[in-house]
Amino acid sequence: MRKTLTADNLQTEALKSIANFHPQIISGVESAIQKNEWVIVGMKQNPVVSGARKYLTEKNVKFEYVEHGSYFSMWKERLAIKLWSGWPTFPQVFHNGKLVGGFSELKKYKA
């Protein structure tokens, strides 16, 4: 795992800000992951996200798609997802509750 600061190294106000950084967005993603075998989290206008969706569709894999904005909107909400998952890009592909990675990792993944 990548290194992150521990709670011991964060001031109380910083901890509060982290906890309150778009928690409803994270809850929505967590809910989708709990309810569906496959989940793709992405954004409009991203060809890599479209590629991952097309890939699973062509393999007849049923998945839930969770979309948050585009290149021009909702960047803070997407940042909250990236900070939560630790994955730096979109799409974020989940299978059975675990992060597979992005489109490249999905293509290599053996379900």
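Every read-out reported here was derived from the displayed coordinates using simple, explicitly stated rules and does not represent laboratory data. Quantities reported herein were computed from a predicted structural model and do not represent experimental measurements. Positions of Cβ are backbone-derived with ideal geometry, glycine not excepted, and every protein chain shown enters the neighbour counts.
Residues in segment 12-29, backbone N under 13 Å from the label point at LEU83 (7 Å along the Cα-to-beta-carbon vector): list them, ranges by number please.
Within reach of a label on LEU83: 13-26.
If I take R0 = 25 Å and measure r between the Cβ atoms of THR6 and SER73 in this structure, what FRET efficiency does the formula 1/(1 + (r/R0)^6) give, to the nearest 0.05?
Result of the calculation: an efficiency of 0.15.
Say the cut-off is 27 Å between C-alpha atoms; which of LYS3/LYS35; LYS3/LYS54; LYS62/LYS82; LYS82/LYS108 go over it?
In this structure, LYS3/LYS35; LYS3/LYS54 exceed 27 Å between Cα atoms.
By a straight-distance test (C-alpha under 15 Å), which aspartates and glutamates pair with LYS59 as possible cross-link partners, with residues fewer than eight away in the same chain excluded?
GLU37
Calculate the length of the line joining the C-alpha centroid of segment 1-33 to that of segment 34-53, in whole Å.
Each part reduced to its Cα centre gives a spacing of 22 Å.
Residue by residue, what Karplus-based ³J(HN,Hα) values in Hz, rounded to whole numbers, does segment 43-52 have, using 6.51, -1.76 and 1.60 with θ = phi - 60° and x for Gly and Pro?
Working through the residues one at a time gives 8, 5, 6, 9, x, 6, 4, 4, x, 5 Hz.
Along each of its three principal axes, how wide is the spread of alpha-carbon positions in the chain, in whole angstrom units, largest first?
The Cα atoms of the chain stretch 48, 31, 24 Å along their principal axes.
Between VAL61 and GLN34, what is 0.36 nm times their sequence separation minus the Cα-Cα distance? Round to one decimal in nm.
Result for the pair: 8.0 nm of gain on full extension.
Under a GNM of the chain (C-alpha, springs under 10 Å), which listed residue has the highest mean-square fluctuation: SER17, SER73, SER50?
So, out of SER17, SER73, SER50, the one fluctuating most is SER17.
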